[in-house]
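Structure, as C-alpha cells:
What follows is calculated from the coordinates using simple rules that are stated; it is not laboratory data. These numbers come from a predicted model, not from an experiment. Every residue, glycine among them, receives a Cβ derived from its backbone with ideal geometry; neighbour counts consider all protein chains shown.
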Amino acid sequence: MDSAKAETSADAAARHRHTASRRRSCDSGSPKHMHMHTRTEHAGTLTPTDFESQSKGPANVIPNPSPTDDRQVRWSALEPHVPKPSIDQLKSGQSSPGSAWTPPYTKVYRGSFAATPISRSRLASGQATPRGGSLVASIPLDQFMSRLQLEADDLEDYGVEELRDGFFDASFYKMPRKELATAKQKRKIRSPFSLRKFVQLQKDGIKRFIWSIKHPKRRSALMRAVTGYMLAYILCLVPAIRKWLGPYHFIMIIATIVNHAGRSIGSQIEGTITTIIGAGIGIGAGLLALWISTVSGPARDSYGAFLAVCLLITLPMLAWARARFARVFQLCICAGFALFFMVCERVGPTPSYRKAWEFGIPWVLGMAIAQITNIFLLPNPGNVQIARALHKALDAAIGGLELPRPSTARQREKMSKETVEMSIAVRDFRSEITISKISPEDMTDLRNNLQAVIRDFLRLECIAPVFESPKEEQRPRKGKPLKETKIHIEVDSGDESEDDEKVEIDRIRAALAGPSREMINIMKEALEACDTLLMQILHQTSFLPPGRKKNTWDCEVLADRILGARDKLEEAHMVWAGVHPADASYTVIQIFLFTSTLLQASDQVTKLVKSTGSIVKKRRGANWRFYLPDYPLGKLVYRSNPQVRHDRGGTTTAFYFRTMKDITLLMSKIAGKAWVPDSDLTTKPSPQKQGEKKTLRFRIWEVLHELQGFEARFALKNTMTICLLAIPAWLTRSQSWWNEWEGWWCTVAAWHLMQPRVGGNLNDLAARLVTVALGAFWGALSFFAGNGNPYVMAVFALLFAIPFLYRYMLSSHPRSGFIGCLTFTVVSMTCKNYEGLIPPHRIAYTRGTAIIVGVLASVFINWFLWPFVARHELRKSLANMLINLSIVYRTVVAKYIYHDLDYMPSPQDIIDSQIREAKLREGFVRIRELLKMTEHEPRLRERFDPTPYEHLIDSSEKFFDHIIDVRQASLYFRISGDRDMAQMMLSCRRDAVATILMNLWVLGGGLRSKTPIPKYLPSAAIARRRLLQRIEDMDSEGYYEKSLYEGKRRRLRFTELEQLDPESLFVDGPDGKSEVKDGKVRHKGIDKWAHFYQYAYSSILNEIVRELEQLQIYTKAITGELSIGKFD
C-alpha cells in the first residue's frame, strides 16, 4: 500500500493548472493505462494490497476470488495485523503519532464484499476527480475523506459491476471518536431556581414594562384595557347599580378582563359576539340542568347527580371544541364560566332561576363597556400587527445586504424568523375584520414578493467573495519568535501559477466589485423606500427611524435604477471571456456565483418595488375601508386573532403543532408510494383506492382513532378536574362552607388555566401562586385602607390594574396576570358587598384559597396525565425533520437532477418546492422556540443539556440549505447524455443517493425511538467518491450519444454541456405547429453560466456529504452509539 499523504487543495490545484493544457490535448486513452505507477514495499514487507496485486496479476484480468479466500489473504499476510493507536485512543500524556503516520490500512466494510483495504493508487498517481472539467470541485471531498482517515475507496473493480436487484451497495467506516466526544461536551447551564437568575428575570421584566409604557402602540392598548376595567369597577362601586344587578355585579368587571379593550376593532367585535353567545350557551345549559334536577320529588332528592351528569355531558364537548378549534376559544371559555355559575353556586333542591339575570346582565354590560372603550379611545383599526411584521421583515432583508459580514447564523435566523412572522401576520390580516387602505389581496402579493426577496438573500454568501480577498493564514503575534521550519524546494512547484491565479482574481474583483456594491446600495435604498411608503399608507410611521418618516420616493425611478445597475453588472461580467471553466479556481467560481445570485435577487427586489408602487398609486388619498374575513372557512376555524392567541397562553406550542401538521400534510403528498412485486418479479404501483365509499366499520374506526388525539385527552382531563372540584357543591354536608366561602371559584380558575398543550412549569406555578396571593392581599387592603371608601378602592384598583393587565395582555405570562386580576376583583368586591360584616382578611383567605386550589389542580393534573414534555417533543420533532429532509432530498434528486431527457420541472413544480421549503424553514423556527422551553422544565435526574440539540438543529438547517442550493443550481445547466449513459451511471448514482437516504432514516428512527445509532453507517463520502470516479473515467474515455436534434451519433465528454440552440429546441408537432422539444432552458445565457452552476451543484453535493457526517455526530451525542462488541 502506498504511503503517500493525502493531497492538499493547494497542491492539487497547482498540479491541475500545470497539467490542464496537457490533459485537454490528450487522446481518449483510459487513465488506467496513462498513469501507471509501481507500488513499493515498506520495510521489506508487503501490505495486503501489494500481496493481492502480485498474486492476481495484471489489472485487465478479471479474477473471481471467493470472499473466504479474500479474508484469508488479508489476515494471513506476511505482516500480522497490529492495530495502531489513533488520536482518540491515546492515553493521558501520550503524544500523537504525527501526521506522517498512517495506519497499515483502513478498513471499509462493503455491503457485498468483505473488509476492503483502501487503494491509494489513484491519488498517488496524480489522478483527480474533476466535475465539469474542473478539479476544484472534488478537493473538498478529498480533504473530508482524509479527515476521516480515508483517502479513496477501493474503486478498482476490474469492470465488474453488481446491480444487486435494485438494492444499493453500502460501504461502512468507523467514525473518529474525537469528534463524537467533542459533541458531547456540556456547557454550563444555570439552574432555574438560581437566585441570581430570578433577580435578573425581575429586572428584565421591569425594563420591558417601562419600555411598553414608553412605546406608543403598546401604551395605547394598555390604556384602553385599563380604562374599560376602571369604568366597570367604578360602576360596581355605585350602591344603586350593585343593588340592581345583584350580589355578583362584579361579573361585569370580569367581563372587561376576559374580553379586554386592548384589541383591534375587528378582534373586539368578534370577541364581543362570541363571548355573549358562549355565555348564553352556558346559561341555557345550566337552566336546563336546574329544571331537570328539580322537575320531580325523586329528582330533587338526587339533584346533585343530575347536575353532575350535566357537567359530564357538556364539559367534554366544550373542552374538545376549545382544543380542536382555536376560533371558538372565547366562546367555550365563557360557556364554561356561565355553566359553573349555574350548577355549582348556591344550588339545592329549590331552583333559583334569577341566577340567569345575575350573570347574564352584568356580562352583557361588561362586554358593552369594553366595546365602546375600544372604538372611541385611541382605536386600533387592525393594521398595527401587519405594519410591525412588514417593517421587521423589510428591516431583516436590509440587514441581509450588509455585506460582507461575519459568518454567523444570527442574521440568517433573523431573516427566517421575520419571514415566518410576516406570513402569520398576513394570515391574521385576512382572517379578521380589518379597517385598512390596503386590501387583503394586495397584502398577500406583498408577502409573496417579500418572501422571494428574502429567499434569494439567504442564498448570498455572507463573506461576499467579490469584495474580500481570501483569508490568509493566521500570523504569529508580535513578540513571539517563529517556530523553526524546514524549507524544501522543488522544481516546478507552481509558485508562478499561484501568482497568475492571484492576478486573475484581482482582475475579476476589480471589474465586478464596483457594480456589485452599486447594486447592493440601490437594493438597500429600494427596500428602505418600500418600508417607508408602506408605513405611511398604514399610518404607522412610528416604526420608522426619525430621518425616514417624511421621505418620499418614486417607485418607477427606483425600478429603473435597479435595472440600470443590473445592466452595469452584466456588462462587467464580460470579464468572464478570459476565464476558462476548467481552469477557474475556487475563488473565481465563488465570485461569479455570488454576482449571479445578486442579479437574481435584483429581479425580486424590482418586483417588490413595482408592487409597492402600484399599491401607492391605488391607495394614496383613498378612504379607509372595512374588510371582512377573507380566508377559507376550513382553515379559519383553526386560527384565532393575535390577541386571543396571546391571552390563552401556549402560543409557542400552538404554532409548533400547527406547523408540524402542515409539514406532515405537505410531505404526505410527495412521500414514496408503496410498491408491491408482481408475479413476474417486476414492480408495479399498488392500486389506488380512490372513489371508494367508506364503510360503517371504517367510519367507526375513524371516530375511535380521533378519540385518541390530544383533544380527547384534554377533554377527559378537564372534565375530571372540574367534576372532582365541584363535588362539595352537591353534597349536603359540605354545602354550608362551600356557599359561604364561594368555593365555586376554584372551578373557574381551573377551567381558565388548563391548556390543551402546555401544562406549565415550576416558574409558572410559582408566578400564579404569587399573583393570587398579591391579588387577595391587595383586594382586602383596598377595603381595609379606607374602610370601604369607594374612592380609595378605585385608586387601589387603578394601581393594581396597570401592572397586572399589562402582564395579562402584553407579557409572555398572560395566565398569571389574568388570575391575579380575577382574584383582586373577587376579593375587593366581596368585601364591599359585606361592608365589614365579614372581616376582609377572612374573605381574602377563603376566596384566595379557593382560587389557589384551582391553580394547583390545573397544573398538577396537566403534569401527571399525558403531560407535554418539551424535551421529548423536541427529540421527536428533530427525528421527523430528518425524515422530511430525506423526502425533500429524494424529490429534488428525482425531479431536478436525475430525470428523463424529455421531462422538465414545470413552473408549478418549482412553486410547490418553494412552498415546501418555506414551511420547512418555519419548522426550524418553531423547533428553536421549542428548544428554549426546555430550559424551564423540571427534571429530577439531571439538568437537561441542550447543546447537542442546538448543534443538530443548526446542522439540519445547513443540510436543508444545501438541498435548496442544489435545486436552484440544477435549474441552470444540463449534463449531456442518453439512456445508455444513464444505465452506465445507474449503480453509482443509486448508491450515492440511497446512502444519504438511509443515513437520514436511520438517524431519524434512532432519535424518535431514542435508541443508540449503529457505529457503522453507510458511507456517503465513499459513495460520492465512487460516483465522481465513474464520471472521471467516462469523461476521459468519452462516450457516444445519439443527437436529439440531428439524428446522428457524436462523441462527447460526459461533463460537456449541450449547446442548447433556440432554433434546435423547436420541432414539428403532430398538428404541424412547432413545439418545445426540451425545456431545460430556464435562464437567458445558459451557456455562460452553466459551467459555474454545474460546479456549484457538484460542490454542494460534497457539502451535503460533509454535513451528513455532522448529523451523525450530533445524533449519536443525543442517543448514544451502538457497539458491535469486541470487534470495535
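Side notes on the structure shown:
- q = 0.12, 0.21, 0.23 Å⁻¹, the stretch 858-914: log10 I(q)/I(0) [Debye, one scatterer per Cα]: -0.52, -0.85, -0.92
- Dipole of the stretch 904-1031, positive end: most advanced residue of Ala918, Leu940, Gly1006 [Cβ charges, Cα centre]: Gly1006
- Here is the tail figure for the stretch 682-817: Cα pairs spaced more than 24 Å apart come to 59 percent of all pairs.
- Ranking of Tyr1097, Tyr631 by count of other Cβ atoms within 10 Å, fewest first: Tyr631, Tyr1097
- Taking Cα centre as origin and charging only the Cβ of basic (Lys, Arg, +1) and acidic (Asp, Glu, -1) residues, the dipole magnitude of the stretch 233-380 rounds to 60 debye.
- Of the cross-linked pairs Lys355/Lys832; Lys1010/Lys1116; Lys392/Lys414, those separated by over 18 Å at the C-alpha level are Lys355/Lys832.
- Convex hull per residue volume in Å³, alpha carbons only, for the stretch 877-1021: 121
- Sequence of Glu706, Glu418 once ranked by neighbouring C-beta atoms within 10 Å, starting from the fewest: Glu706, Glu418
- Over all pairs of different C-alpha atoms, the stretch 297-408 has a mean inverse distance whose reciprocal, the Kirkwood radius, equals 19.1 Å.
- Compactness of the stretch 233-380, expressed as Rg and Dmax over alpha-carbon positions, Å: 16.7, 57
- Chymotrypsin sites (Phe, Trp or Tyr not before Pro) within the stretch 281-379: DSSP coil, no more than 16 neighbouring Cβ in 10 Å: Tyr353
- For the stretch 521-668: lysine pairs under 16 Å (alpha-carbon distance), excluding those fewer than 8 apart on one chain: 5
- Tail weight of P(r) past 17 Å, computed on alpha-carbon pairs of the stretch 345-435, percent: 69
- Summed side-chain charge close to Arg327 - residues other than Arg327 whose Cβ falls under 11 Å, Lys, Arg +1, Asp, Glu -1: +3
- Least to most buried among Thr541, Thr747 (fewest other Cβ within 10 Å first): Thr541, Thr747
- Column: log10 I(q)/I(0), Debye, Cα scatterers of the stretch 537-655, q = 0.12, 0.15, 0.22 Å⁻¹: -0.83, -0.96, -1.23
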